[in-house]
1. Being at pLDDT 85 or above, out of contact with any His (no Cβ under 6 Å at 6 or more places or on another chain) and of a type in the set (A, V, I, L, M) narrows it down to one residue among 45, 59; which is it?
2. Would you please list the contacts, defined by Cβ atoms under 8 Å and residues six or more apart or on different chains, that run from a residue in segment 42-57 that is closer than 11 Å to residue 13 by Cα to a residue that is surrounded by 11 or more Cβ atoms within 10 Å (Cβ to Cβ)?
3. Which ones in segment 11-41 are surrounded by 10 or more Cβ atoms within 10 Å (Cβ to Cβ) and either touching a residue at least 60 places away in the same chain (Cβ under 8 Å) or not in a helix (DSSP H, G or I) (or both)?
4. Are any residues in segment 48-86 among the charged types (D, E, K, R) and in a loop (DSSP other than H, G, I, E, B), and if so, which ones?
5. Consider residue 109 against the criteria (1) basic (Lys, Arg); (2) touching a strand residue (DSSP E or B) at 6+ places or on another chain (Cβ under 8 Å); (3) under 30 Å from residue 10 (Cβ atoms): it satisfies all of them except one. Which criterion is unmet?
6. Tell me, yes or no, whether segment 69-90 has at least one residue that is more than 30 Å from residue 25 (Cβ to Cβ), hydroxyl-bearing (Ser, Thr, Tyr), touching a helix residue (DSSP H, G or I) at 6+ places or on another chain (Cβ under 8 Å) and surrounded by 10 or more Cβ atoms within 10 Å (Cβ to Cβ).
7. Which one is modelled with the lowest pLDDT among residues in segment 73-126 that are closer than 29 Å to residue 60 by Cα and among the charged types (D, E, K, R)?
Amino acid sequence: MHKSQIHEIVLVGGSTHIPRIQKELEDLFDGKKLNKSINPNQAVVNGAAIEASKNIKKVLLADVTPFSFDIEAPSGTMIPTIKRNKAIPATQTRMLRICFNNQTNARIKIYEGDHETASNDYLIEE
């Protein structure tokens with residue numbers, strides 16, 4: 001294709017903001033005015049989105065837990081309860097044992113995080 005067969009030059013991409021690039025293109029195409037009517041950055045984003053959509057067969061969006069939810073054991077280690085990436089709402093039942101005979105209450109700490117010890121996770125509820 002010869003440059004005389006090109007009817008319009010549309011600039012896209014960040015480098016097209018550089019005056020020197022614009023001047024070089026105008027000179028290359030014998031003074032033809034450049035089309036600057038579209039946002040060159042937005043054009044790149046739109047093009048990338050169109051190309052990406054061609055490769056998507058089926059999309060499933062689901063709300064999931066971003067981290068695990070665990071219960072702190074008396075030793076400070078975590079008792080896995082709800083694993084990360086589990087669809088929400090989620091429920092889980094755990095059987096916990098008391099530490100002493102005739103115990104009437106217990107303090108249960110629920111943490112969010114993926115560490116093995118409570119000190120590295122975020123306390124959600126006590």
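1. Working: 59 fails: at pLDDT 85 or above.
So the residue among 45, 59 that is at pLDDT 85 or above, out of contact with any His (no Cβ under 6 Å at 6 or more places or on another chain) and of a type in the set (A, V, I, L, M) is 45.
2. Short answer, once both residue conditions are applied: 43/10; 43/12; 43/13; 44/12; 44/13; 47/12.
3. Correct list: 11, 12, 13, 18, 29, 32, 34, 35, 36, 38, 39.
4. Selection gives 57, 58, 63, 83, 84, 86.
5. In the conditions (1) basic (Lys, Arg); (2) touching a strand residue (DSSP E or B) at 6+ places or on another chain (Cβ under 8 Å); (3) under 30 Å from residue 10 (Cβ atoms), residue 109 misses (3) alone.
6. Residues of segment 69-90 more than 30 Å from residue 25 (Cβ to Cβ): 69-90.
Next, from what is left, pick out any that are hydroxyl-bearing (Ser, Thr, Tyr): 75, 77, 81.
In the following step, the residues that additionally are touching a helix residue (DSSP H, G or I) at 6+ places or on another chain (Cβ under 8 Å) were identified as 77.
Those still in the list that are surrounded by 10 or more Cβ atoms within 10 Å (Cβ to Cβ) too: 77.
Checking segment 69-90: at least one residue is more than 30 Å from residue 25 (Cβ to Cβ), hydroxyl-bearing (Ser, Thr, Tyr), touching a helix residue (DSSP H, G or I) at 6+ places or on another chain (Cβ under 8 Å) and surrounded by 10 or more Cβ atoms within 10 Å (Cβ to Cβ).
7. 114
Let's see how each residue does on (1) more than 24 Å from residue 118 (Cβ to Cβ); (2) under 22 Å from the mean Cα position of the chain (by Cα); (3) not assigned by TED's automatic domain parsing to the domain that holds residue 115:
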position	(1), (2), (3)
66	no, yes, no
70	no, no, no
74	no, no, no
77	no, no, no
83	no, yes, no
87	yes, yes, no
92	no, no, no
96	no, no, no
100	no, no, no
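The values are calculated or read from the model by the stated rules, or taken from the named source; none is laboratory data. These figures come from a predicted structure and were not determined experimentally. Note that each Cβ is placed from the backbone with ideal geometry, even for glycine, and that neighbours are counted across all protein chains shown.
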